[in-house]
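*Asks:* Below you will find the structure I want to go over with you.
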Amino acid sequence: MQLSLLIVTYLLVIVSLIPLIRHDFWTFRVFEYPRNQKFLLCLILLVAWAWVGDPSDKLTMISIGVLLLNMGYLFYQLYPYTFLSKKQLMDCQNPNPERNLSLLISNVYQYNRESGRLLKYIEQLKPDLVLLAETDHWWADQMQPIHEQYPNRVLKPIDNTYGMLLYSKLKLSDESVKFLVEDDIPSIHAKLMLPSGEQIQLYCLHPTPPVPQENPRSTERDKELLLIGKEAKKSKLPVIVAGDMNDVAWSYTTELFLKTSGLLDPRRGRGFYSTFHAKIPFLRFPLDHIFCSSDFKLVQMQRLNSINSDHFPMYITLTYDPQAEAEQKDKELTLDEEDKEVVEEKITADTDSDGEAQPEKNPLGT
């Protein structure tokens, strides 16, 4: 029993430390995902050692000490996403309806054929924006009932699990579909106008994950996130970046993205809001994100119930508040020189595509 505990303990410590190796191959990057699961397993092993271990045995005490150190390391990484941490994005107590923006995002799972649950949420919540990922032509057809309520649309259904549909009650301008890194992986870029007449820059993303059946490395995902991060930083408009990023909130790349973009994460200080995998409770990670610039405040955010996808939908209401920027500017993460070098290396890294394709202006939209 003690030998088994010993093997499992040090295997867990190894997989906890593997993400420190900054290699893009999936075997290194995938271990960034289950950080809260690793913390829980450490706790279980600690109890097991206390139950069967011999306090007079030096190896037992070393193993317990190693587990405690590993738990401390994992908690340090998870801490910003617990209620114990300070909120990065402030709550709004008195939102201005003319400056509010509600958004529902959902990776629908392309092979899911129960669109009714999603349509019911849209009818119930009446969000200003609906962003759907993994949408093929079947899903685009199923969304026909909401076209009247959402007259402004950017639709790019693709049968490769990377189609994307954007529906908006608000006026859109400069809308386009771009293929920033891979020729078959779209992103949606648009400006939208609030009822107040003020404009917001919106980026919608769904890069490939670093898993063998999708992409054996994280290079393309990281590059797309950081390219958008640099665009967001240069924007003179308030910015929202949303979508299934295929990256956990606490990963090294997501932190680099936040540093590069200057955007804030409403999860920080509030909880994990894990959206994947909806059907496997123990293996859940926060993969679907809404990031915003510091001139927003949060009105509400919730993870919705299952729509028979492998992802839960996320619903959020933000309010634009220009004065909030001064209050929250110090909440932005900042790049140091080493970070800048890493960002440039990732952006200039070779990928399998030939670079950015020409944008398609409002395909299939109105």
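The values are calculated or read from the model by the stated rules, or taken from the named source; none is laboratory data. Because the structure is predicted, anything quoted here is derived from the model rather than measured. Note that each Cβ is placed from the backbone with ideal geometry, even for glycine, and that neighbours are counted across all protein chains shown.
*Asks:* When you scan region 41-60, do you find a residue that is outside any loop (DSSP other than H, G, I, E, B) and within 20 Å of the chain's Cα centre (by Cα), even just one?
*Replies:* Scanning region 41-60, I find no residue that is outside any loop (DSSP other than H, G, I, E, B) and within 20 Å of the chain's Cα centre (by Cα), so the answer is no.
*Asks:* Go through (1) modelled with pLDDT of 95 or more; (2) small (Gly, Ala, Ser); (3) not assigned by TED's automatic domain parsing to the domain that holds Glu148 and name the single condition Ser106 misses.
*Replies:* Going through the list (1) modelled with pLDDT of 95 or more; (2) small (Gly, Ala, Ser); (3) not assigned by TED's automatic domain parsing to the domain that holds Glu148, Ser106 breaks only (3).
*Asks:* Please go through region 7-16 and pick out each residue that is in contact (Cβ under 8 Å) with a residue 24 or more places away in the chain and either under 30 Å from Glu341 (Cβ atoms) or of a type in the set (S, T, N, Q) (or both).
*Replies:* Thr9, Val13, Ser16 - these are the residues of region 7-16 that are in contact (Cβ under 8 Å) with a residue 24 or more places away in the chain and either under 30 Å from Glu341 (Cβ atoms) or of a type in the set (S, T, N, Q) (or both).
*Asks:* Given (1) under 20 Å from the mean Cα position of the chain (by Cα); (2) modelled with pLDDT under 95, identify the lone condition not met by Lys329.
*Replies:* Here Lys329 meets the rest and fails (1).
*Asks:* May I ask you to say which residue of Ile316, Ile307 is part of a loop (DSSP other than H, G, I, E, B), among the β-branched types (Val, Ile, Thr) and touching a residue at least 60 places away in the same chain (Cβ under 8 Å)?
*Replies:* Ile307
*Asks:* Mind telling me which of the residues Asp183, Asp174, Asp136 ends up being of a type in the set (Asp, Glu) and surrounded by 15 or more Cβ atoms within 10 Å (Cβ to Cβ)?
*Replies:* Only one candidate passes the filter, namely Asp136.
*Asks:* A further question on this structure: Does region 1-22 hold any residues that are surrounded by 13 or more Cβ atoms within 10 Å (Cβ to Cβ) and either within 28 Å of the chain's Cα centre (by Cα) or outside any helix (DSSP H, G or I) (or both), and which are they?
*Replies:* Leu12, Val13, Val15, Ser16, Ile18, Pro19
*Asks:* Output yes when any residue across region 59-73 is over 19 Å from Leu6 (Cβ atoms) and aromatic (Phe, Trp, Tyr), and no when none is.
*Replies:* Yes, region 59-73 has at least one match.
*Asks:* List pairs: first in region 138-151 and over 21 Å from Ser102 (Cβ atoms) and charged (D, E, K, R), second surrounded by 15 or more Cβ atoms within 10 Å (Cβ to Cβ) and at pLDDT 95 or above, Cβ under 9 Å, 6+ apart or cross-chain?
*Replies:* Asp141/Pro157
*Asks:* Working carefully through the options Ser102, Ser106, Ser115, find the one that is in contact with a His (Cβ under 8 Å, 6 or more places away or on another chain) and within 30 Å of Leu155 (Cα to Cα).
*Replies:* Ser106
*Asks:* Counting just the residues of region 262-314 that are aromatic (Phe, Trp, Tyr) and within 24 Å of Thr135 (Cβ to Cβ), which one comes out surrounded by the most Cβ atoms within 10 Å (Cβ to Cβ)?
*Replies:* Phe291
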